[in-house]
Structures are given as C-alpha cells and as structure tokens.
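What follows is one structure encoded as structure tokens, with my remarks underneath.
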Amino acid sequence: MTLKARDIMRHGEILTVSPNTTVGDFQKLLVEDDVSAAPVVNSSGDLIGLVSQRDVIQLLHDEFTSSPLPNAKFTEKLRERKIADIMETRLHTVTPETDLATVAKILRRHHIHRVLVVQGKSLVGIISTLDFVRPFEDPQLVAAIVETQRVSKYWTPFRHAHERYNASPPKAH
C-alpha cells in the first residue's frame, strides 16, 4: 500500500480567508488560530491563492524601506490593505491520491512549507512539513512509510527514526 496525500492531510475545517480580508484581520487570525498561513478562496469557494505570515513580513519590509518612519496612520494604512494585494497565486497543489514521495519532492524542490490538496478548484485539505512529523506518533504509520517508500531519499529520516524506535534499549553494564 502506497501512502497518499489523503493519509496525512488535514481536512475538514480549514481556516481560509477571502481576497477581501484585510491584512489586519489576517494578522489576528494568525495569532488566534495559531497558524502561519491560510488558503485564499473566492465567494464560490474556489481556491485562488495562499497567504502567509511571510507575505505580511514582505509587505512590511517593502513599505518600511520605501516610506518615512512609520506612525499610527502608516500602520493603519497597512492593516487596511487587502489579502488580494499580497497573496501568492502561483500555487503548489496535489490531489488526495498523490503519493507522499511526490508531495515530499514538491516541498523540497520549491523550498515551501505546505501544499494544498485540491479536487478540481475546491480545497479539500492541506499538508505542511509538520504533517510529515506526525507519523512519529504512530509506529505503524512509520513502518508503512518505510515499507512503501524504501527507495526514496526523502524518507531516510523516517527509516532511521523507525529503526531507533524499534531498537532494543542499551544494555546496562
């Protein structure tokens, strides 16, 4: 059995924002929901972008370096900007049936922290680099990863972690 994106993706209630969400409201969501990014969906529910705290930092950097010292008016102007102005529209997506080795390659090749799982234009899940750590909580899932991905260099840490997990404790002298 080859593990698929559906096996580790987060699904159900995924925090999303609209392109009309303000940067200020997005910043609140980041803190309140303890997330670092959110998919952007239009009024039809179609996935159209991704916005992350990195995009907010880039906005702040761009504005600070091109403007005089910030003041309250300057800060409020930034908070009123729309997500549509800063979101990333070049998305890295997979389907629920994409094998995990391919997902890992996408994350590594593009130096990104998450991929969006879609069916058509609809968002059905999200996989972050942290979701690849979750299998350490389930030795059977680690064993399945090792078994199904034995050739992939992306799974080497899982193989070694599995070997350490199942190793006998050191003998006392």
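The values are calculated or read from the model by the stated rules, or taken from the named source; none is laboratory data. Predicted model only: the values in this text are computed from it and were never measured. Note that each Cβ is placed from the backbone with ideal geometry, even for glycine, and that neighbours are counted across all protein chains shown.
Answer with yes or no whether VAL51 is surrounded by 16 or more Cβ atoms within 10 Å (Cβ to Cβ) and either assigned to a helix (DSSP H, G or I) or of a type in the set (S, T, N, Q) (or both). Show your work before the answer.
Working: surrounded by 16 or more Cβ atoms within 10 Å (Cβ to Cβ): yes; either assigned to a helix (DSSP H, G or I) or of a type in the set (S, T, N, Q) (or both): no.
Criteria not met by VAL51.
Of all the residues that make up region 33-58, how many are among the charged types (D, E, K, R) and over 17 Å from the mean Cα position of the chain (by Cα)? Quick ask: steps written out before the conclusion?
Residues of region 33-58 among the charged types (D, E, K, R): 33-34, 46, 54-55.
Next, only the ones that are over 17 Å from the mean Cα position of the chain (by Cα) stay: 46.
Result for region 33-58: 1.
Which one of these does SER36 not meet: (1) in contact with a strand residue (DSSP E or B) (Cβ under 8 Å, 6 or more places away or on another chain); (2) modelled with pLDDT under 95; (3) under 16 Å from ARG10 (Cβ atoms); (4) surrounded by 16 or more Cβ atoms within 10 Å (Cβ to Cβ)?
Unmet for SER36, out of (1) in contact with a strand residue (DSSP E or B) (Cβ under 8 Å, 6 or more places away or on another chain); (2) modelled with pLDDT under 95; (3) under 16 Å from ARG10 (Cβ atoms); (4) surrounded by 16 or more Cβ atoms within 10 Å (Cβ to Cβ): (4).
Does GLU97 fit the bill of being assigned to a loop (DSSP other than H, G, I, E, B) and without any contact (Cβ under 8 Å) to a residue 12 or more places away in the chain? Before you say what the answer is, go through the steps one by one.
Numbers: assigned to a loop (DSSP other than H, G, I, E, B): yes; without any contact (Cβ under 8 Å) to a residue 12 or more places away in the chain: no.
So GLU97 does not fit the description; no.
Would you confirm whether any residue within region 77-93 is in a loop (DSSP other than H, G, I, E, B), among the aliphatic types (A, V, I, L, M) and modelled with pLDDT under 85? Show your work before the answer.
Just the residues of region 77-93 that are in a loop (DSSP other than H, G, I, E, B), to begin with: 80-81, 86-87, 89-92.
So of that shortlist, the ones also among the aliphatic types (A, V, I, L, M) come out as 86-87, 91.
Now restrict to residues that are modelled with pLDDT under 85: none.
No, region 77-93 has no match at all.
Kindly indicate whether any position in region 5-13 is farther than 18 Å from HIS113 by Cβ, surrounded by fewer than 16 Cβ atoms within 10 Å (Cβ to Cβ) and without any contact (Cβ under 8 Å) to a residue 40 or more places away in the chain.
Yes, region 5-13 contains at least one residue that is farther than 18 Å from HIS113 by Cβ, surrounded by fewer than 16 Cβ atoms within 10 Å (Cβ to Cβ) and without any contact (Cβ under 8 Å) to a residue 40 or more places away in the chain.
Looking for something out of contact with any Cys (no Cβ under 7 Å at 6 or more places or on another chain), of a type in the set (A, V, I, L, M, F, W, C) and crowded, with 16+ Cβ neighbours inside 10 Å - is there at least one such residue anywhere in region 66-83? Outline the logic, then answer.
From region 66-83, those out of contact with any Cys (no Cβ under 7 Å at 6 or more places or on another chain) are 66-83; that's our starting set.
Of the ones still in play, those that are also of a type in the set (A, V, I, L, M, F, W, C) are 69, 72, 74, 78, 83.
In the following step, the residues that additionally are crowded, with 16+ Cβ neighbours inside 10 Å were identified as 78, 83.
Yes, some residue in region 66-83 is out of contact with any Cys (no Cβ under 7 Å at 6 or more places or on another chain), of a type in the set (A, V, I, L, M, F, W, C) and crowded, with 16+ Cβ neighbours inside 10 Å.
Could you tell me how many of the residues in region 95-110 are over 17 Å from LEU130 (Cα atoms) and buried (at least 18 other Cβ atoms within 10 Å of the Cβ)?
The number of residues fulfilling the criteria is 1.
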